[in-house]
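Bear in mind that the values in this text are calculations on the coordinates, not laboratory data. Because the structure is predicted, anything quoted here is derived from the model rather than measured. Using ideal geometry, Cβ is built from the backbone for each residue, glycine included, and neighbour counts are taken over all protein chains shown.
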Amino acid sequence: MLKKMSYSSFPEDVLEHVFSFVQSDKDRNAISLVCKFWFQVERRCRKRIFVGNCYAVSPRMVTRRFPDVRSVELKGKPHFADFNLVPEGWGGYVYPWIAEMASGYPLLEEIRLKRMVVSDESLELIAKSFKNFKVLVLSSCEGFSTQGLAAIAANCRNLRELDLRESEVEDRSGNWLSLFPETYTSLVSLNIACLGSEVSISALERLLGRCPNLRTLLLNHAVPLDKLANLLRQAPQLVELGTGAYSADMRTDIFSNLAGAFSGCMELKSLSGFWDVVPAYLPAFYSICTGLTSLNLSYATIQCPHIIELLSFCPNLQRLWVLDYIEDGGLEALATSCKDLRELRVFPSEPYGAEPNVSLTEQGLVSVSEGCPKLESVLYFCRRMSNDALVTIARNRPNMTRFRLCIIEPRTPDYLTEQPLDVGFGAIVEHCKDLRRLSLSGLLTDRVFEYIGTYAKKLEMLSVAFAGESDLGLHHVLSGCDSLRKLEIRDCPFGDKALLANAAKLETMRSLWMSSCLVSFEACKLLGQKMPRLNVEVIVDERQPPDLRPENFPVEKLYIYRTVAGPRLDMPGFVWNMDEDSALRLSRKGFRTI
Amino acid sequence: MSASGSVSTVSRDDNLVSSSEDSSCPDDSDLQLGLGLSLGGGGAGNSAFKLQQQASFGAQYATSLTAKNFPSSSSFSSSSSSLGKPSHASCAKRSADSVANAYSSQVVGWPPIRAYRMNNITNQAKSVATDEYNSMIEKNKRKNGVVENTTNGSNKNYGTGKTKTSLFVKVNMDGIPIGRKVDLSTHSCYETLAQTLEDMFLRPTINVTGISIQEHDTRVEATRSLKLLDGMSDFVLTYEDKEGDWMLVGDVPWGMFLTSVKRLRIMRTSEATGLGPRIQESSGRQRNKPI
C-alpha cells in the first residue's frame, strides 16, 4: 500500500484511477512531467511501454522507472535492414531485455518485437519466466527456430496471441504445434504465415476445435487447399484468415466443400495468403466478400480480369494489397467498386525486369485518388510518373497521411516533360497537411526538399533515395520538418555541412540513417564527440577501415540515434561508435550477446 | 589534385558547428536550382561533385570540409570554394543513360522490396520444381540405391503464371561483413554465377553519387579473379542445402543445385576441408557430403 502524500489534494489511488483512462504514451509522458508527485504515481502504474529504438535506453533503466509493466514493445534494427542494407550481426538482440524483465516483470503479459534478433534461448526464457504470458508478436524478427516455438507452445498456458509476421524461422522440425496441451483453449490469434516448414494439419484441427475464441488464423504456404475447408469448419467464428497455397486440381467436390466452409464464416473481414492461386477457386469465397474490409492479394499471381471480378464483390473494402497485375484498368475498376478504400499497396511482379511487364502507370493511382474519397495510405511501385499526375493526386486527396511512391528506376524524370518531379511531390506535401509518412523516388533536385521543409510540418518519417544535389537539400529537411522522427537516406549527395549545422535537431529525432552519401569520417567523429546524447555509429568495411583512409573520405553507412544509455556494448567489429577511441574499440572485440 | 593533408585534419577542439563564415562564399540566398549540364570531365566515374555553399544556411558549416578536400577529379577549382551548380541530378541523368538502366538490378536493396516478399515469390517457383524433381529422385533411388545425376531438373518452367520469378539467395564471403544477395534465376550455369559473384565481391564499388571509392584507395590490390570454381584460388564457393549441409558448388547439375540451394558462402580454401576432394578431380563429378 503506497503512502499517501499529505500535501496532495488527491489521494494517490484516485490519481492512479484517473491515469488509468489515459493510455497513449504521449499523454502519459506529459502527465509524468507535471510534478514530482505525479511522476511517481504515474511511473508506478504505467502498464505499457513502447521503446521505438531498443538502444535508446537500457533494460535496467526501464524496469527501474516502471516497476509494474505488463506490456512491452521494442524495435531493433533500422528500417533499411528490410532491404539488406544492414549487415548480419549488427545487433538488435532481445535477450538482455528478456533477462532483465524476467526478474523485473514477473507479471509481464505481452511482448511485441520488430526487427530484433530473437534466439531460442530468449523464447525459452520467456516461456518459463512469465506465468501469465499472453501475447507474443515477432514482426520481421530472426534468430530463432521451431525449437523456441515449442517452448512457447508447451509452457504458456494463457497464451492468446502468437504472431510471427514475416519473421525468419529456422526449421528444426519436431512438431511444435502439437505441444500445445490438450487443456489449452485460450488461443485468439495465430499467425504462422512465414513458416517454411509444414505443421501437422491434424494438430491444427484439434487446436482450432478446442479454442472457441480464435479470431485470427494466418496459415502458411504448406497448408494445402484441400485441407482448408475442414479448418474453416473448426473455426467458423474467424475474423481474419490467411490461406495456405490456394491451388489444387480443379475438382468440384473440393470446390463445393470449400465454398460451403467459407459461407459458414460470417464474421470474416480480412483475407490474405493466396500463394499459387488457381483462379478457378476464387469464387469459393465470393459469398463472404461483402463483409471484407481487408484483402491481401500481394502474393497472388492472378491477372487483371480475375482481380476485377473479385473486387466487384467487395464493396466494403478498406484495404487492398495487390500485385501490379491489377494494371490501370483494374485500379479504375477498384475506384468504382470500393468507395470505402483507405489503403492501397501495389507491389511489382517483376521488379528487376528492365521493361514493364504490365500496363500499370501513374494513371491507375490517379484513378483511385479520384474515386476513393477516403484513400489516405498509399504504397505504389510503378515505372513512370508525371508532375501533373502527382499534383492531381495531391489535389484529390488532401487527406493523405502516408504516401510512398517507388518509381523503379532511380532518378526517372517526369515522363512527359523530362523534368524532375520536385513540383509533383511539392504538391503532395503542400496539399496533404496531415502527411505523416513520405517516400520519394524519381529524379529530384534540392527543390523538392525545400518544399518538404516548408510544408511538411506533420511529417514524421521520410525516406529518400537517389535524390538531391547538395547539402542544402538535407538542410531544408532537418531545419524545416518540425515533427520529423525518422529520416533514412541512401545514395544522395548529402555531406557534412547540413548534418553538422543541424546537430541539435538529431536529438529531437529517433534516428537518422545515411548510406552511400558524402558524410566524412571526420564529421562523424566530431558529431559523436560533441553530442553525448547521440550514438553516432559508422558501419565500416573491415577490408578498408575508415581510420586508415583520408579523414574526409565518405563513410559508407551511418546510423545516428538519440539515447540515454550511452554507446551500446554489443557492437560487432564492423560497427564503430564515434565517441570511442580506437584503443577502446579494439579492446571490446569478441563481445557477444546471445 | 590530391587530398590536402593540412586542411583536412580537424583538431578535436575545433567546433565546426559554429565555425566562422567562409568569406569566399557569395551571399546568395536564392535557391540555386538547375539542371546545369556543365560538368568538367563528365561521365559517371569521373563526376565532379561540387558542394553548393549557400549563405542562406549561414555560417554554420565546416570551413575545412570544402569541396577541395574531396580528392578526385581535376575539375575542382582550388581557389574558390563557391562552385557552380553541377547539379548532381544532371550528372546522374547523363550517366543514367549509360549506366543506370541496369541500376535497379545491380544496386543493393533497390527497389525497396522486403526480403520476405522476394523470398515468397521465389518459393512459389521453387516448390513447383522441387516436388517434381524430388519424386524423380525417389524413383531413381528405388531403382539402384544411388542418386544418379540427371539433367531433368534444370529446365523446369518455374512459376505458375506468366511470371518470370526470381530466386534470391544470400551470399557471404569470409572476411567481409556485408553480405549480398544474388538472383540465381538470372543464371543458367555455374560459370556466370561465379563471374557475378566475383564482380560483386571484388570489383570496385561505384558510389552512386559518382565517386568511385576504389579510385582513392591506393592500397586496394589490383582486381584479381577469384576463380571460384576450379579449386585453384584462395577461396571456394560453397552452398548450404535444404538439409543444412555445406556442399561445394559445381558438383551437381545446375537444375538440381537450384532446387536445393539455400544460401551461398565464399569460403577460404583452408576452411573448406572435408567438403570433398574436388580439387584433384576434374571429372567424374559426384555428390559429396561433408564428413
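Results, tabulated for the structure shown:
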{"item": "Farthest toward positive dipole pole in chain A [+1 Lys/Arg, -1 Asp/Glu at C-beta], among A:V51, A:M250, A:A203", "result": "A:V51"}
{"item": "Euclidean distance between Cα centres, region A:376-419 to region A:349-375, Å", "result": "10"}
{"item": "Scattering curve values for region A:116-230, log₁₀ I(q)/I(0), Debye with Cα scatterers, q = 0.10, 0.16, 0.17, 0.23 Å⁻¹", "result": "-0.25, -0.68, -0.78, -1.55"}
{"item": "Only Lys, Arg (+1) and Asp, Glu (-1) charged, at Cβ; region A:1-158 dipole about Cα centre in debye", "result": "500"}
{"item": "Vicinal HN-Hα couplings computed from phi for region A:440-445 (Karplus, 6.51 cos²θ - 1.76 cosθ + 1.60; Hz; Gly/Pro x)", "result": "9, 7, x, 6, 9, 9"}
{"item": "Orientation-averaged projected area, Cα convex hull of chain A (nm²)", "result": "29.1"}
{"item": "Two-site FRET efficiency, A:S256 against A:D434, from Cβ-Cβ distance with R₀ of 51 Å, rounded to 0.05", "result": "0.60"}
{"item": "Other-chain or far-sequence residues with amide H under 5 Å of A:M385's (modelled H)", "result": "A:Y415"}
{"item": "Positive-end residue, chain A charge dipole about Cα centroid, Cβ charges, pick of A:L108, A:L405, A:G260", "result": "A:L108"}
{"item": "Mean separation of Cα contacts under 8 Å, 6 or more apart, over the residue count of region A:287-412: relative contact order %", "result": "21"}
{"item": "Using θ = phi - 60° and Karplus 6.51 cos²θ - 1.76 cosθ + 1.60, couplings along region B:255-266 (whole Hz; Gly, Pro as x)", "result": "x, 5, 4, 4, 7, 10, 6, 9, 7, 10, 8, 8"}
{"item": "Range of Cα positions in region A:128-181 per principal axis (Å), largest first", "result": "26, 23, 16"}
{"item": "Residues A:I254, A:I111, sorted so that the one with the fewest Cβ neighbours within 10 Å comes first", "result": "A:I254, A:I111"}
{"item": "Expected 222 nm ellipticity per residue - DSSP helices of 4 or more, -39500 (n - 2.57), all of chain A, to 500", "result": "-9000 deg cm²/dmol"}
{"item": "Rounded to the nearest 20 debye, dipole of region A:427-560 from Cβ charges on Lys, Arg, Asp, Glu", "result": "500"}
{"item": "Region A:242-371 - Kirkwood radius from inverse mean 1/r over Cα pairs (Å)", "result": "15.0"}
{"item": "Loop-located GluC sites (Glu not before Pro) in region A:392-454 whose Cβ has at most 12 other Cβ within 10 Å (DSSP)", "result": "A:E418"}
{"item": "Rg to Rh quotient for region A:1-114, alpha carbon positions, Kirkwood Rh", "result": "1.06"}
{"item": "Derived scalar couplings ³J(HN,Hα) [region A:372-387; Karplus, 6.51 cos²θ - 1.76 cosθ + 1.60; whole Hz; x for Gly, Pro]", "result": "10, x, 9, 4, 9, 9, 9, 10, 9, 9, 8, 10, 8, 7, 9, 4"}
{"item": "Coarse-grained scattering of region A:177-280 at q = 0.11, 0.15, 0.23 Å⁻¹, given as base-10 log I(q)/I(0) from a Debye sum over alpha-carbon atoms", "result": "-0.30, -0.57, -1.37"}
{"item": "A:R404 long-range amide H proximity, modeled H, under 5 Å", "result": "A:V378, A:L379, A:Y380, A:S439"}
{"item": "Base-10 log of normalised Debye intensity for region A:426-473 (one unit scatterer per alpha-carbon) at q = 0.18, 0.19, 0.27, 0.28 Å⁻¹", "result": "-0.49, -0.54, -1.07, -1.13"}
{"item": "Alpha carbon centroid spacing (whole Å) that separates region A:30-87 from region A:431-489", "result": "27"}
{"item": "Rg(Cα) / (2.2 N^0.38 Å) computed for region A:359-495, rounded to two decimals", "result": "0.95"}
{"item": "Sequence-distant residues sharing a close amide H with A:N191 (under 5 Å, placed H)", "result": "A:L162, A:D163, A:L164, A:L218"}
{"item": "With 5 Å bins from 0: P(r) over region A:436-539, alpha-carbon pairs, percent", "result": "2, 13, 26, 29, 19, 9, 2, 0"}
{"item": "Within chain A, longest stretch clear of exposed chymotrypsin sites (Phe, Trp or Tyr not before Pro) (DSSP loop, no more than 10 other Cβ within 10 Å)", "result": "A:22-594"}
{"item": "Magnitude of the charge dipole, region A:511-567, Cβ model with Lys/Arg +1 and Asp/Glu -1, debye to 20", "result": "260"}
{"item": "Charge tally in the Cβ shell below 12 Å around A:S200, where Lys, Arg are +1 and Asp, Glu are -1, A:S200 excluded", "result": "0"}
{"item": "Within 10 Å of each Cβ in A:488-494, the average number of Cβ atoms from other chains", "result": "5"}
